[in-house]
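The structure follows.
The values are calculated or read from the model by the stated rules, or taken from the named source; none is laboratory data. On a predicted model such as this, the values are computed, not experimentally measured, just so you know. Don't worry about glycine lacking a Cβ; one is built from the backbone with ideal geometry, like all the others, and counts go over all protein chains shown. The protein model used for the area step is the full one, side chains on, heavy atoms only, and it has no ligands, DNA or RNA in it. Shrake-Rupley method; radii C 1.70, N 1.55, O 1.52, S 1.80 Å.
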Amino acid sequence: TVLLKSGDKGWFRSLFVHKVDARKDAHSNLLSKKETSNLYKIQFHNVKPECLEAYNSLEAEVQNRLHQDQEYPCEVVGSWNTWYGEQDQAVHLWRYRGGYPALTECLTKLNNNKEYLEFRKERAKMLISRRNQLLLEFSFWNEPLPRAGPCIYEMRTYHLKPGTMIEWGNHWARAIKYRQENNEAVGGFFSQIGDLYVVHHLWAYKSLQSRDETRNSAWLKEGWDSTVYYTVPLIRSMESRIMIPTKSSPLQ
């Protein structure tokens with residue numbers, strides 16, 4: 001048996017205990033837009049195949065009513081059906097101007113709205129499953145604004161290793177300039193509630209061929225290869241879905 005003096009114990013413990021410098025602010029404050037207080041919600045609804053058309057019509061009717069009613073501090077940014085990826089899937093992106101208080105106000109009013117509660121019952125009959133996340137937008141990305149179409153949209157979803165969000169943001173803050181040539185950058189978001197350390201990048205293209213050409217052209221720009229090289233090790237998994245906007249979507 002080896003006896004350690006108190007000073008030796010301190011040295012021995014130091015081999016296993018590492019001091020971590022506390023960050024001065026949460027990554028949500030460091031990475032999100034300061035000039036706005038927007039909160040976003042993304043919904044993924046997996047719809048029964050035979051119900052997709054009826055679902056789209058019902059969802060559009062309710063979204064239009066909420067858009068026209070100034071009492072509800074929420075708005076639809078975009079609505080899509082997945083074309084390549086999970087089939088028979090609807091994706092909706094909502095904006096709450098005013099952050100969490102606006103979200104709470106909206107949910108409270110909707111839970112007391114008999115028409116909306118009936119809509120939810122009817123919609124539930126059409127769904128197989130659903131999930132959502134609350135998101136903030138990266139400060140260096142465009143704010144998603146309505147655009148004319150026709151476009152196809154790609155949502156690239158990255159599941160990052162915990163603790164790497166700041167590093168991801170630092171690289172993409174420089175890299176976004178390589179991806180603006182064809183006005184393809186729509187919005188960039190990171191999760192706050194739901195699956196954590198998740199990033200969504202939303203892009204718009206005129207066609208799949210245009211997407212291919214635009215992405216290939218980025219590799220011709222000096223610096224893009226470095227972005228890919230340094231960000232790939234931060235990723236646990238990633239997913240791409242190609243989406244078609246619904247008729248009522250502000251992003252066409």
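Keeping every protein chain in place, order I244, I193 by accessible area at 1.4 Å, biggest value first, i.e. largest first. Please list the in-between numbers first.
Numbers: I244 65, I193 90 Å².
Ranked list, largest accessible area first: I193, I244.
Which of rounded, prolate or oblate describes the stretch 199-252 when judged by the alpha-carbon gyration tensor and an a/c cut-off of 1.5? Mind dumping the intermediate values first?
Numbers: a/c = 2.90, a/b = 1.55, b/c = 1.88.
Cα axes put the stretch 199-252 in the oblate bin.
Further, regarding this structure: What number comes out for accessible area per residue over the chain if the probe is 1.4 Å? Units Å², please.
Details: 14250 Å² over 252 residues.
Each residue of the chain exposes 57 Å² on average to a 1.4 Å probe.
Which of rounded, prolate or oblate describes the stretch 78-125 when judged by the alpha-carbon gyration tensor and an a/c cut-off of 1.5?
Numbers: a/c = 3.99, a/b = 1.39, b/c = 2.86.
Verdict is oblate for the stretch 78-125.
A follow-up question, please. Which of the following values of Cα Rg over 2.2 N^0.38 Å was calculated from the structure shown: (i) 1.22; (ii) 1.02; (iii) 0.92?
Answer label, from the structure shown: (i).
Considering only protein heavy atoms, with the full assembly of protein chains and a 1.4 angstrom probe, order Y197, Y96, Y84 by accessible area, largest first. Mind showing how you got there, number by number?
Working: Y197 60, Y96 5, Y84 120 Å².
Order by accessible area, largest first: Y84, Y197, Y96.
For the chain, what % of the accessible area comes from carbon and sulfur atoms, probe 1.4 Å? Don't skip to the end; give the middle numbers.
Details: 7590 of 14250 Å².
That fraction is 53 percent.
Can I ask one more? Determine the gain in length on full extension of the stretch Q70-K125; use 0.36 nm per residue of separation and subtract their C-alpha separation, reporting nm with one decimal.
Working: separation 55, 0.36 × 55 = 19.80 nm, distance 2.89 nm.
Difference between extended and current length: 16.9 nm.
With a 1.4 Å probe and all protein chains kept in place, how much accessible area does E115 have, in Å² rounded to the nearest 10?
Ignoring ligands and nucleic acids, E115 comes out at about 120 Å².
Classify the stretch 118-252 from the C-alpha gyration tensor, please: rounded if a/c falls under 1.5, else prolate or oblate depending on whether a/b exceeds b/c. The partial results should precede the final answer.
On the way: a/c = 2.12, a/b = 1.29, b/c = 1.64.
Oblate shape, in that a/c is at least 1.5 and b/c is the bigger or equal ratio.
Taking K161 as the anchor, which aspartates and glutamates have their alpha carbon closer than 13 Å to its alpha carbon, excluding any fewer than eight residues away along the same chain?
Answer for K161, where 13 Å is the Cα cut-off: D195, listed by chain and number.
Under the 0.36 nm per residue contour assumption, what length would be gained going from the current alpha-carbon distance of Y100 and S226 to full extension? Could the numbers behind the result be given before it?
Working: separation 126, 0.36 × 126 = 45.36 nm, distance 3.65 nm.
Between Y100 and S226, full extension yields 41.7 nm more.
Sort the following peptides by mean Cβ neighbour count (other Cβ atoms within 10 Å, averaged over residues), highest first: 211-222, 37-48, 162-173. It would help to have the intermediate numbers written out before the result.
Details: 211-222: 12.8, 37-48: 18.8, 162-173: 15.8.
Peptide ranking by packing, descending: 37-48, 162-173, 211-222.
Ok, one more. Could you give log10 I(q)/I(0) at q = 0.14, 0.18 Å⁻¹ for the stretch 73-161, computed by the Debye formula over C-alpha point scatterers of equal weight, without solvent?
-0.71, -1.16
Looking at N170, Y153, Q43, which one has the Cα that reaches farthest to the positive end of the dipole of the chain (charges on Cβ: Lys, Arg +1; Asp, Glu -1)?
The residue sitting farthest along the positive end of the dipole is N170.
Continuing with the same structure: What residue among H67, H200, H159 shows peak mean-square fluctuation when the chain is described by a Gaussian network model with Cα springs under 10 Å?
Maximum among the listed residues: H67.
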